[in-house]
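Data block below; observations after.
The values are calculated or read from the model by the stated rules, or taken from the named source; none is laboratory data. Because the structure is a prediction, the values reported are computed rather than measured. Don't worry about glycine lacking a Cβ; one is built from the backbone with ideal geometry, like all the others, and counts go over all protein chains shown. Surface accessibility is based on the protein's heavy atoms, side chains included, excluding ligands, DNA and RNA. Shrake-Rupley method; radii C 1.70, N 1.55, O 1.52, S 1.80 Å.
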Amino acid sequence: MKILLLGPPGGGKGTQASFLIETFGIPQISTGDMLRAHVRDKTDLGNKAKQYMDSGSLVPDEVILGMMSERLKEDDCKNGYILDGFPRTMPQAEGLDLLLSKLNQNLDSVIVIKVDDDIIVERMSGRRVHPSSGRVYHVKYNPPKIENKDNETGDDLIIRIDDQEDTVRKRLGIYHIDTSPLINYYNKKGIVHSIDGASDISEVRNSINQIFSGE
Ligand code: AP5
């Protein structure tokens, strides 16, 4: 099962990916989480990516495609994966097609999560994350069991630098220009399922489950 989650920043891709991991037992491949790990580890790639990420711009396509061509070859990808945050430009989508054909693979489903910009801006102000695992919470809609602590490890949660309102609005603008054309690209391949991402977390989860149960 090879699934792509496509949607605006803060649309709930990471949140829903965590449920799909449970359902299908396949890894989530989040380019955002991979890049943040590089930034934390101060690798060359991380040092290159940091300025783009902090300002809400996209990291250059060739950096992302190089990183993903290595990742998709790893052993845990053999039975499938959930792509989260990649591809997000046309050159990345075409690069992914090339990678998949080399690996003799196809994407099975593209799930488009639709949410209006104003809802996103409100959601992002309450997002809290556990940096080392990428687990995501929300102060109101998905609070941790203990305030500001990760449920699994008890570590402190943080607010992402790029979750400030100005940066979120910039990321949304980039999504509409560079990423949303991919919906049409995958529509032509007949593998797109669009869902309403504005309802609550469990309803969105149910909508996605229905796609895979064929209802
Ligand atoms: P990345 O980490 O991929 O960020 P993003 O796509 O902007 O998505 P987010 O992680 O912000 O949101 P999400 O959709 O996962 O939502 P979440 O589940 O957390 O990328 C960060 C940066 O890295 C980019 O800006 C760029 O610089 C770089 N980058 C990454 N990939 C790249 C690429 N391919 N090319 C170039 N550059 C790249 O939910 C958000 C909040 O809402 C949470 O608090 C959650 O609890 C809450 N929530 C979720 N669902 C609901 C719901 N239904 N109702 C209420 N609250 C909800």
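All of Gly32, Gly66 fail the test of being at negative phi and either of a type in the set (Phe, Trp, Tyr) or within 7 Å of the ligand (Cβ to nearest atom) (or both), apart from Gly32. Restricting segment 155-183 to residues that are among the aliphatic types (A, V, I, L, M) and farther than 29 Å from Ser109 by Cα leaves a set whose member that is farthest from the ligand (Cβ to nearest atom) is Ile158. The one condition from (1) part of a helix (DSSP H, G or I); (2) surrounded by fewer than 17 Cβ atoms within 10 Å (Cβ to Cβ); (3) of a type outside the set (D, E, K, R); (4) in contact (Cβ under 8 Å) with a residue 60 or more places away in the chain that Met53 does not meet is (2). Against the numbered list (1) open to solvent by 70 Å² or more (accessible area, probe 1.4 Å); (2) over 27 Å from Gly66 (Cβ atoms); (3) at pLDDT 95 or above, Gly154 comes up short only at (1).
Residues in segment 136-155 that are in contact with a Pro (Cβ under 9 Å, 6 or more places away or on another chain) and either in contact (Cβ under 8 Å) with a residue 60 or more places away in the chain or not polar (S, T, N, Q) (or both): 3 in all.
Scanning segment 56-73 for residues that are in contact (Cβ under 8 Å) with a residue 60 or more places away in the chain and hydrophobic (A, V, I, L, M, F, W, C) gives a single hit, Leu58. Scanning segment 3-29 for residues that are farther than 19 Å from Gln105 by Cα and surrounded by fewer than 20 Cβ atoms within 10 Å (Cβ to Cβ), we see that the one that is nearest to the ligand (Cβ to nearest atom) is Ser18. Taking Lys102, is it open to solvent by 80 Å² or more (accessible area, probe 1.4 Å), more than 16 Å from the chain's Cα centre (by Cα) and charged (D, E, K, R)? Yes: the conditions hold for Lys102.
Pairs linking a residue in segment 76-89 that is touching a residue at least 24 places away in the same chain (Cβ under 8 Å) to a residue that is assigned to a loop (DSSP other than H, G, I, E, B) and within 7 Å of the ligand (Cβ to nearest atom), with Cβ atoms under 7 Å and 6 or more positions apart or on different chains, are Arg88/Leu58; Thr89/Leu58.
Among residues of segment 157-172 that are closer than 13 Å to Pro131 by Cβ, those with a Cβ under 7 angstrom from a residue that is open to solvent by 20 Å² or more (accessible area, probe 1.4 Å) and of a type in the set (S, T, N, Q), sequence gap 6+ or separate chain, pair up as Leu157/Asn148.
Each residue in segment 60-89 was checked for being in a loop (DSSP other than H, G, I, E, B) and under 22 Å from Gly12 (Cβ atoms), and 6 of them qualify.
Taking Gln92 as the residue in question, decide whether it is assigned to a loop (DSSP other than H, G, I, E, B) and either farther than 25 Å from Arg127 by Cβ or at pLDDT 95 or above (or both). Criteria not met by Gln92.
In the set (1) over 22 Å from Pro60 (Cα atoms); (2) within 10 Å of the ligand (Cβ to nearest atom), Leu83 fails one condition alone, (1).
Scanning segment 7-43 for residues that are among the polar types (S, T, N, Q), modelled with pLDDT under 95 and more than 22 Å from Tyr186 (Cβ to Cβ) returns a single hit, Ser18. The condition (being under 19 Å from Ile3 (Cα atoms) and open to solvent by 80 Å² or more (accessible area, probe 1.4 Å)) is satisfied by just one residue among Lys114, Lys170, Lys140: Lys114.
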